[in-house]
1. Please name all residue pairs, on different chains or six or more residues apart, with Cβ atoms under 8 Å, provided the first residue is in region 29-44 and is without any contact (Cβ under 8 Å) to a residue 24 or more places away in the chain and the second residue is of a type in the set (S, T, N, Q).
2. In region 59-67, is there at least one residue being surrounded by 11 or more Cβ atoms within 10 Å (Cβ to Cβ), part of a helix (DSSP H, G or I), at pLDDT 95 or above and not β-branched (V, I, T)?
3. If I filter region 58-74 for residues that are closer than 20 Å to F101 by Cα and aliphatic (A, V, I, L, M), do I get at least one hit?
4. F12 versus (1) out of contact with any Leu (no Cβ under 6 Å at 6 or more places or on another chain); (2) surrounded by 15 or more Cβ atoms within 10 Å (Cβ to Cβ): which is the lone unmet condition?
5. Please list, ordered by first then second residue, the pairs with beta carbon atoms under 7 Å, 6 or more apart or interchain, first in region 93-118 and over 19 Å from L69 (Cα atoms), second open to solvent by 90 Å² or more (accessible area, probe 1.4 Å).
6. Considering each of F107, F38 in turn, give the residue that is assigned to a loop (DSSP other than H, G, I, E, B) and of a type in the set (F, W, Y).
7. Among the residues of region 92-110, write down those that are under 15 Å from the mean Cα position of the chain (by Cα) and loosely packed, with under 15 Cβ neighbours inside 10 Å.
8. I'd like to verify a number: residues in region 26-58 that are open to solvent by 30 Å² or more (accessible area, probe 1.4 Å) and within 13 Å of the chain's Cα centre (by Cα), how many?
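The values are calculated or read from the model by the stated rules, or taken from the named source; none is laboratory data. Predicted, not measured: the structure shown is a model, and the values here were computed from it. Note that we place each Cβ from the backbone using ideal geometry, even for glycine, and neighbour counts take in every protein chain shown. Side chains are part of the model used for accessible areas, which takes the heavy atoms of the whole protein and leaves out ligands, DNA and RNA. Shrake-Rupley method; radii C 1.70, N 1.55, O 1.52, S 1.80 Å.
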Amino acid sequence: MTDSRALPKIGFNDVLRFLLELFAFISLAVWGFTTWPFPWPALLVGIVAPAFAIILWALFRSPKAVFRLDAFGKAIIEIAVFGAAAIAWWDMGLPIIGGVFAVVATFSGVLSGRAELR
């Protein structure tokens, strides 16, 4: 029999947030590779933009973040990364994808932020 206290509780919003993170990173890569002229600006932006977002997320927002922030600091990082992904879709000429992503990310972020503030 396993000890239920040792297992982390993973809810629907946790899974959704993970998928949103992946979608944001992939969105920034797609934006970099498709929006900028190929080969050099596209390769550089297509690799650096998602890498920067991943590093930012790992340092400040991940559950095992290097630098601990309060809930408001985490929200700023999250808004920056998710907002950049939504704007990238807008810039690619697909504002509906960016808008839906922004709404879902905002809803998920509010739920997560409220849980952190309890």
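1. Close Cβ pairs (under 8 Å, with a partner that is of a type in the set (S, T, N, Q)) amount to A42/T34; A42/T35.
2. yes
3. Looking through region 58-74, none of the residues is closer than 20 Å to F101 by Cα and aliphatic (A, V, I, L, M).
4. Evaluating F12 over (1) out of contact with any Leu (no Cβ under 6 Å at 6 or more places or on another chain); (2) surrounded by 15 or more Cβ atoms within 10 Å (Cβ to Cβ) leaves (2) as the failure.
5. These pairs meet every condition: G98/I87; G98/W90.
6. Criteria check complete, one pass: F38.
7. G99, V100, V103, F107, V110
8. 7
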